[in-house]
Amino acid sequence: MNILSLLKKRFYPVLAELVSDPDVLLEMIRPSQDPKFGDYQVNCAMPLGKQLGKPPREVAEEIVAQLQITDLCEDPEIAGPGFINLRIKNTWIVEQLMKSGADKRLGIVRVDTPRKFVIDFSSPNVAKPMHVGHIRSTVIGDALTRSLRFLGHEVISDNHLGDWGTQFGMIIYGFKHFAIKSDYERQPVDELSRLYKLVNQLIEYHQAKAGLADREDHILQLEQRLNEFSKAMEEAGRQKDKKAKKDRRSLESQLADAREKAALAKSIVMTVESDQALATLAAKHAEIGSAVLSETAKLHSGDEENRQLWHEFLPHCRADMQRIYDRLGVVFNVEHGESFYHEQLESVVTSLVTRGLARESEGAICMFLEGFKAPFIIRKKDGAFLYATTDLATIQFRMLEWEPDAILYVVDHRQSEHFDKLFFGARQWGHNQVELTHISFGTVLGEDGKPFKTRSGAAVGLESLLDEAVNKALSVVSENDERKPNGPELKIEERQRIAAVVGHAAIKYADLSHNRTSDYVFSYDKMMALEGNTATYMQYSYARVQSIFARGHIDVDALRTAGTPLEIAHAAERALALELLRFSEALQEVATDYRPNHLTNYLFELAKKYSVFFEHCPVLKADGPQQRQSRLRLCDLTARTIQLGLELLGIDVVDRM
Ligand code: ARG
């Protein structure tokens, strides 16, 4: 049951009498921001008045006169210039809540027309350590998978692993030249990851070193331009005018940027040169950059030794990732990595060329797409295929294999140009029926506002990040337990079990509760606050209900089946009851623009309404058994809604905290 859609259904025939396309007007039915104006507010009489050349109030009156809504709402109220304020009837709220209470799905109906989705998410590059950015894709993708499925859609979740790229060339090169065999035998993934880092460091060293002189030049040029600019402005007496200030700031920021990059390059160079062993390695492997590319090319062209190494490394890397997925409770339907498509790349290029959609340019094969400056390169001069080629092959495969209605890619915003081009190219290629959407998300920042890093400067590894969250959660849970009025209740093992749930939840929820397109600041303290829009608060609200049940020795099954009617006498009861009925609206929003934060916002609103209710409406000490029973049921419905809502976000609850 979805109140908003129900209201729209009732308004539709009335508006259809007045205009040919009522859909835009239906969008003007919204939940009221202030209960003074009822529960829902309808603002369409104003634009309609203009359109029909009538006073909006008159239009509002006409609409209200035609509206069939008495079962659902009190008499509509027309306010101000022509707002229609709707107040849902208490009897109706009670009736609906009784129904959802008796339903495992809490009254959320499945969509009439299910769609088939492929959701491409997580998709880390194997052999490179996973980092905090991958968690966002994993967590958002998982929440979307769960929510869309719950609504009745079919979802194929696909982990498009980066298991065929240059990083394999890197570890193959590393393995051939720098591996410590005994370490590899003992801890293969640790050794491979050390090799990856070492090779990466040497490549970066040579690149940084080769670029130093140019960087210095660039800085000098910018300094000179800035000087000249200042002088010219001074001579013209224009130092203070707006445009001059703006240009000056832009030059200054370019200079600051160039200096920062040069400093970074220098520090990369220094780190290697100040270490005797590393410096020797770097000197010995001066051509490492191109050597790695050729190892990758050999892998792709079927070189036996490299293929064999790849087959040997992959399961180790895969197992390492699986530990993270197990901890996060994330399951994929399929895991077709990039390697799965490599046999098809050749034919993708041929198909695009024969259809005249791609052509040779400076030795490479490119798609020149209207509206894009740079071409979409699908084969390099040296014959190598690219990320783009694989993604085109992937679309073709998914369409043939599953015929989905939509493919969603949960990938960070830095790849948006890639996806714009990919979708454009795929449509030209004939895949123009399917919805292709990039579910873009922002960067995870440290408290200094820069991309989240550890103190040593390396991007934070996922596993240590999760461990740290669980540790912090243990202190939160322990402190909370110590503070209990009748003394602590939890044994140490119990605290640990709860901390594992709370810690993982906090990380997931922090990711999900921020509008996905914005960057967000990673802070353990904020994400585990007991007050505010956090998983911890939500889990706490849930546990609070369970503790009432425990204290009152409530038989929950009996409570649910008793059928005692709900009473919504107090304003806080009514507000909570109505909020409970809005769950479906929140889920609908998640499915519309693929933003799980609609659901977290909803849960937060619900928890706040519950908190107000809890403050004003005694439950176990209610006036009489009828009221007590009714309030217990409101508690139960709140807990179940929180539990189901969190479950759709991939988050568990605990009975005690
Ligand atoms: N492996 C890529 C990365 O880590 C993400 C892949 C996303 N999916 C895709 N079909 N391109 O950057």
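Things to note:
- Summarising the strand pairing of the chain, around 50 percent of its internal DSSP beta bridges are antiparallel.
- Relative contact order [Cα under 8 Å, 6+ residues apart], segment 592-657, whole percent: 31
- The loop-placed GluC sites (Glu not before Pro) in segment 1-68, going by DSSP, that have at most 16 neighbouring Cβ atoms within 10 Å of their Cβ come out as 27.
- Cα-based shape type of segment 442-583, given that a ≥ b ≥ c are square roots of the gyration tensor eigenvalues and the cut on a/c is 1.5: oblate
- Whole-Hz couplings from phi, Karplus 6.51/-1.76/1.60, listed for segment 111-127; x for Gly and Pro: 5, 5, 10, x, 10, 9, 10, 10, 10, 9, 8, 6, 6, x, 8, 4, 5
- Gain on full extension, evaluated as 0.36 nm per residue between residue 34 and residue 526 minus their Cα-Cα distance, stands at 174.3 nm.
- Rounded to the nearest Hz, the phi-derived 3J(HN,Hα) couplings of segment 633-645 under the Karplus curve 6.51 cos²θ - 1.76 cosθ + 1.60 (θ = phi - 60°) are 5, 4, 4, 4, 5, 4, 4, 5, 5, 4, 4, 5, x, where x marks glycine and proline.
- Segment 281-411: C-alpha gyration tensor shape, a/c 1.5 cut-off, then a/b vs b/c: oblate
- Efficiency of FRET between residue 468 and residue 373 - r from beta-carbon atoms, R0 56 angstrom, step 0.05: 0.85
- For segment 146-276: rounded, prolate or oblate by the Cα gyration tensor [a/c cutoff 1.5]: oblate
- On full extension, the segment bounded by residue 221 and residue 475 gains 86.1 nm, given 0.36 nm per residue less the C-alpha separation.
- When the alpha carbon coordinates of the chain are projected onto the principal axes, the ranges are 85, 70, 64 Å, largest first.
- C-alpha long axis of helix 492-513 to longest principal axis of the chain, angle in °: 80
- Residues 252, 204, 482, arranged from fewest to most other Cβ atoms within 10 angstrom of their Cβ, appear as 482, 252, 204.
- In this simple spin-label model, placing a label point 7 Å from the Cα along the Cα-to-Cβ direction at both residue 361 and residue 6 gives a separation of 5.7 nm.
- Entries in 231/450; 181/298; 298/450 that, when Cα-Cα distance is taken, lie over 32 Å: 231/450; 298/450
- Distant-in-sequence amide H partners of residue 156 (H built 1.01 Å from N, under 5 Å): 117, 118, 119
- Extension gain for residue 519-residue 354 works out to 55.2 nm (0.36 nm per residue, less the C-alpha to C-alpha distance).
- Spin-label model distance (nm) - residue 308 vs residue 569, 7 Å beyond Cα toward Cβ: 8.3
- Pairs exceeding a 30 Å alpha-carbon distance, out of 36/508; 472/621; 9/421; 116/453; 36/99: 36/508; 472/621; 9/421; 116/453.
- Excluding same-chain neighbours fewer than eight residues apart, the aspartates and glutamates reachable from residue 246 by a Cα-Cα span under 18 Å are 223, 228, 234, 235, 257.
- Modelled spin-label separation between residue 267 and residue 178, with each label point placed 7 Å from Cα along the Cα-to-Cβ direction: 2.0 nm.
- With neighbours defined as other Cβ atoms within 10 Å of a residue's Cβ, the residues 608, 508 order from fewest to most as 608, 508.
- Amide H contacts under 5 Å for residue 379, placed H, 5+ residues apart: 365
- Ordering 255, 512 by the number of other Cβ atoms within 10 Å of each residue's own Cβ, fewest first, gives 255, 512.
- Couplings 3J(HN,Hα) for segment 191-207, derived from phi with the Karplus relation 6.51 cos²θ - 1.76 cosθ + 1.60 (θ = phi - 60°), are 5, 5, 6, 5, 5, 4, 5, 5, 4, 4, 5, 5, 4, 4, 4, 5, 5 Hz, where x marks Gly and Pro.
Values quoted throughout were computed directly from the atomic coordinates according to the rules given, and no laboratory measurement underlies them. For clarity, every value in this text was computed on a predicted model and none was experimentally measured. Positions of Cβ are generated from backbone atoms using ideal geometry, with glycine treated the same way; all protein chains shown enter the neighbour counts.
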